[in-house]
Amino acid sequence: MSSERYNFKIIENKWQKIWEKDKSFSAKIDKNKKKFYCLEMFPYPSGKIHMGHVRNYTIGDVLARYKSLNGYNVLHPMGWDSFGMPAENAARQNNLDPKTWTETNIANMRSQLKMLGLSIDWDREISTCKPEYYKHQQEFFLELFDKGLVYRKEQYVNWDPVDQTVLANEQVIDGKGWRSGVPVERKKLNQWFFNISKFSNELLENLDSLDEWPNKVKVMQKNWIGKSFGCEIKFSIEQSDKIDEIKCFTTRPDTLFGMSFLALSVDHPVSKLYQNDEGFIKFKKECSSTGTTEEAIASAQKIGFKTNLLAINPMNNEKVPVYFANFVLMDYGLGAVFGCPAHDQRDFDFAKKYNLNIKPVVTPELNNKEFQTVEAAYTGPGYIFNSSFLDGLKCPEESIIKTIEYLEKNNLGQKKINFRLKDWGISRQRYWGCPIPIIYDENNNPQKVPKNMLPVELPKIEQLEPTGNPLDKAINWKNVNINGKKFKRETDTLDTFVDSSWYFLRFCSPNKEDYGFDEDEVKYWMPVDQYIGGIEHAILHLLYSRFFMQAISYKNEKIKIKEPFKGLFTQGMVCHETYKDNNNNWVSPDETMILNGKRYLNKDNSIPVKVGPIESMSKSKRNTIDPAKIIDSFGADAVRLFILSDSPPEKDVQWSDEGIEAAYKFIQKLWSLNNKILDKINEDNPKNENNNLEKITNKFIKKISNNLENFNYNIVIANIHELYGLLNKEINIKYTKKTLIENYKKIMFCLNPILPHLSNEIIENLNLKEEIIWPKYNDKFLIEETIAYVIQINGKKRALIETDKNIDEDNLLRLISDNASLKKYIDNKEIKRKIFVPGKLINIII
RNA sequence: GCCCUCGUGGUGAAAUUGGUAGACACAAAGGACUUAAAAUCCUUGCCGCUUGCGGAGUGCCAGUUCGAGUCUGGCCGAGGGCACCA
């Protein structure tokens, strides 16, 4: 009996080399096979892989391998999201070239990923910072420009003072930059925009068709797009020769009769009339001093600046005052609202402060004409009153529609659907990004860079200065001569989210030179069947990619795909305990040791560390574990096994030393079981003692298949543990060589997606000379002749009786009355009712 | 404030359509093997009484049902998203 331990270093390396040499995972169009496009979100090349990558790519790899064994033609590519600020920051700090920095990182991370044994088609590798990639991005930019989906305008933008760049709305979180974490400022700049809002409706409605997406992501996108149904109302203005009307958007036109003021944003065009008014200037300043934090908004008082204008209520011609108010936002709706204090809490607060009329027009009960709103606005359902011809209408079901009908008929307003989604500002004042292929003539008019001059490559810059836009200072690059005419290049680069909005298309034909993708290849491979990544991209990246697919297929009959990702899976984060020393400094797990169950500092084992809460791994808390080190000590299969074992993939998982050690031990156990089985195979009995082995094999093929299909990878690992236990016992029974090999082979095929190195090695040792395919189970072996019937008395389990599965009720009752331990419950009692569930249980009510 | 998700042993978690709650694993304790250690294997969810058995038990309170972790209503708690959104 061979008894040497499993040497993962030799064996894993051996198989990784074989896969690389044989191009085992190279994907080619094969129209006779069903395709499966498995994609994990590609990494930013920060330098090293982290545990989040390990989890993400292991989940994807298990799926890709499983689908491949099931006969699918699998596309499983990998690339690098390699433009972005860390490269630029590193360059500024250490006087490096961002390109070199990025390429070194990529080389390092590629070799680390290869150590995980991923089934990736490395021939399709792409990197977004390469001109061969971004050339096509520039083509797309110009294509979208021609389609009218790109435009330039001066606008207030979110300015990140630390990163010295503009941020999209989506990139501002709680009023702070998504990367820098500092409060965002308002700044007016000329910016390029993608007209994402043109597709608001499509982006919203298509969500319903994405039935393989997590509901929570769809809800988040739905909220973000923020569709609301209402109408635009025209209000005539008195006492002004400069304006005749102001338009408001409202979702509650049915409360018009309760209107007592009109409120405008301080940025509303009407504010021009007051730009020299000292009171207004002071008021505007006051408004902007209100912070953007949650508390500030929640506790901010409703304040207003009264104008000398009067607005006329189109329903009854009553005149109401016009205010500027701090709670009206210019970038939602039309920057103007009519105030109905009785039925809107904000308006109510405002009316109280400025002593405005509060007239209720909705009553909860039909006949309660005395209804008043004294303490707060009433926003619930009811019936319209105090409203002339609208009186008695059911609110909101009838009242809103009827009011809009009236307004439209009398040309006072019109039905309108409003979206919260804003256009995507894509200009960034950075160096390390894709140059925008635009040049400005001597009159500063933007022109497209001619197609034959693409790509517009980034210039080499010797020394990046600490702040400001480097391209703006690269004079030689900026000034360009075309056909004797002088132009200046656009010096902003594209938001890096543009890079990742179409990379899934590029993977279909990564080497195509004349266009970003090949139509036939895209037709075959797209959409991505399963996309896997973190929940943090629920809005930004996923919405932008969906937009890009809309934009590419817009006015293009050849591209029918509207949604890039058919299935989406969002995996949870990898967490670890946190540690601090006596001075409250974070301590990394590497700097600690365990003595008698307590944790101490390595450098002085008399100093205990404080164990803090379990949090997602992050550099700032120093609770990261380096995957490269772990793979080196335990092997890729052990890492894969553990990262999947402890929690469902969509939930957070806690990394622990004990867990990875247990996974390592289990691999060793599988190996020694293998040695035992190889010995048994050589015994070659003439006849099988029983068919338990077939039963076990088929039962677990079924279980593991079902669990893999449903992403229950943690349960698959449990199944494998259980299978090991049963096999370890069953192997002492005598089987023929054929039976043993046939079943053991299938079990190893089942382990292949999770433990590719170990299972390949074992399969090779079996000398089968056959391809690994996903085994099918045979129902014949799943039929159990006997079953443990559950015997309940008054709904309580009292016994299990092992008996014939097809026993009838009478015979089962006979067994029950013969059963000594059940006698005491039944004897001398009248049976009132029996519930018999064949093949499962019987419940006796007495 | 609005929307979504989730509450099961010391811990991570299992549990087809309502049908044996706690599979599988980690930790801890006890035991076996060993001169000893490592490694390996076995036992143990809680409360009772002596083995065996009995009782309670899936955040809390009701309800539906022969039967509820699972379905319904209300409450409490945690996490996440959105937010002067008109």
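The values are calculated or read from the model by the stated rules, or taken from the named source; none is laboratory data. The structure displayed is predicted, hence computed values, not measured ones. Neighbour counts run over all protein chains shown; Cβ positions are idealised from the backbone, glycine included. These area figures cover heavy atoms from the full protein model, side chains too; ligands, DNA and RNA do not enter into them. Shrake-Rupley method; radii C 1.70, N 1.55, O 1.52, S 1.80 Å.
Before moving on, here are some points about what is shown:
- A:K512 being closer than 27 Å to A:K67 by Cβ, touching an Asp or Glu at 6+ places or on another chain (Cβ under 6 Å) and open to solvent by 50 Å² or more (accessible area, probe 1.4 Å): yes
- The residue that is farthest from RNA strand B (Cβ to nearest atom), counting only those in region A:328-352 that are aromatic (F, W, Y) and not in a helix (DSSP H, G or I), is A:F338.
- Near pairs, Cβ below 8 angstrom, 6+ apart or cross-chain, from region A:327-348 (under 17 Å from A:K272 (Cα atoms) and in contact (Cβ under 8 Å) with a residue 12 or more places away in the chain) to any residue that is near RNA strand B (Cβ under 7 Å from one of its atoms) and among the aromatic types (F, W, Y): A:L334/A:F249; A:A336/A:F249
- Residue tally, condition within 16 Å of RNA strand B (Cβ to nearest atom) and either open to solvent by 10 Å² or more (accessible area, probe 1.4 Å) or basic (K, R) (or both), over region A:676-712: 13
- Residue in region A:714-751 that is surrounded by the most Cβ atoms within 10 Å (Cβ to Cβ), counting only those that are within 16 Å of RNA strand B (Cβ to nearest atom) and of a type in the set (D, E, K, R): A:E730
- Selected residue [open to solvent by 60 Å² or more (accessible area, probe 1.4 Å) and in contact with a Gly (Cβ under 8 Å, 6 or more places away or on another chain)] from A:N806, A:N828: A:N806
- Filter pass, A:I783 being out of contact with any strand residue (DSSP E or B) (no Cβ under 7 Å at 6 or more places or on another chain), open to solvent by 50 Å² or more (accessible area, probe 1.4 Å) and at pLDDT below 95: yes
- Number of positions in region A:810-842 that are in a loop (DSSP other than H, G, I, E, B) and at pLDDT below 80: 3
- Of all the numbered requirements in (1) touching a Lys or Arg at 6+ places or on another chain (Cβ under 7 Å); (2) surrounded by 13 or more Cβ atoms within 10 Å (Cβ to Cβ); (3) touching a residue at least 40 places away in the same chain (Cβ under 8 Å), A:G839 misses one, and that requirement is (2).
- Restricting the first member to region A:215-234 and to residues that are aromatic (F, W, Y), and the second to residues that are open to solvent by 30 Å² or more (accessible area, probe 1.4 Å), the beta-carbon pairs closer than 6 Å and six or more apart or on different chains are A:W224/A:I539; A:F229/A:I417.
- Hits in region A:196-215 (condition: surrounded by fewer than 16 Cβ atoms within 10 Å (Cβ to Cβ), touching a strand residue (DSSP E or B) at 6+ places or on another chain (Cβ under 8 Å) and in a helix (DSSP H, G or I)): A:N201
Residue by residue, here is whether (1) out of contact with any Lys or Arg (no Cβ under 9 Å at 6 or more places or on another chain); (2) within 12 Å of RNA strand B (Cβ to nearest atom); (3) of a type in the set (D, E) holds:
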| site | (1), (2), (3) |
| --- | --- |
| A:E785 | no, no, yes |
| A:I791 | no, yes, no |
| A:G795 | yes, yes, no |
| A:E802 | yes, yes, yes |
| A:I807 | yes, no, no |
| A:L812 | yes, no, no |
| A:K823 | yes, yes, no |
| A:K829 | yes, no, no |
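Per-residue answers, yes or no, for (1) in a helix (DSSP H, G or I); (2) within 12 Å of RNA strand B (Cβ to nearest atom); (3) open to solvent by 40 Å² or more (accessible area, probe 1.4 Å); (4) of a type outside the set (A, V, I, L, M):
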residue: A:N582; (1), (2), (3), (4): no, no, yes, yes
residue: A:I594; (1), (2), (3), (4): no, yes, yes, no
residue: A:N605; (1), (2), (3), (4): no, no, yes, yes
residue: A:D637; (1), (2), (3), (4): yes, no, no, yes
residue: A:R640; (1), (2), (3), (4): yes, no, no, yes
residue: A:E650; (1), (2), (3), (4): no, yes, yes, yes
residue: A:E658; (1), (2), (3), (4): yes, yes, yes, yes
residue: A:E661; (1), (2), (3), (4): yes, yes, yes, yes
residue: A:Y664; (1), (2), (3), (4): yes, yes, yes, yes
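- So A:K555, is it within 26 Å of A:I196 (Cα to Cα) and either within 16 Å of RNA strand B (Cβ to nearest atom) or surrounded by fewer than 17 Cβ atoms within 10 Å (Cβ to Cβ) (or both): yes
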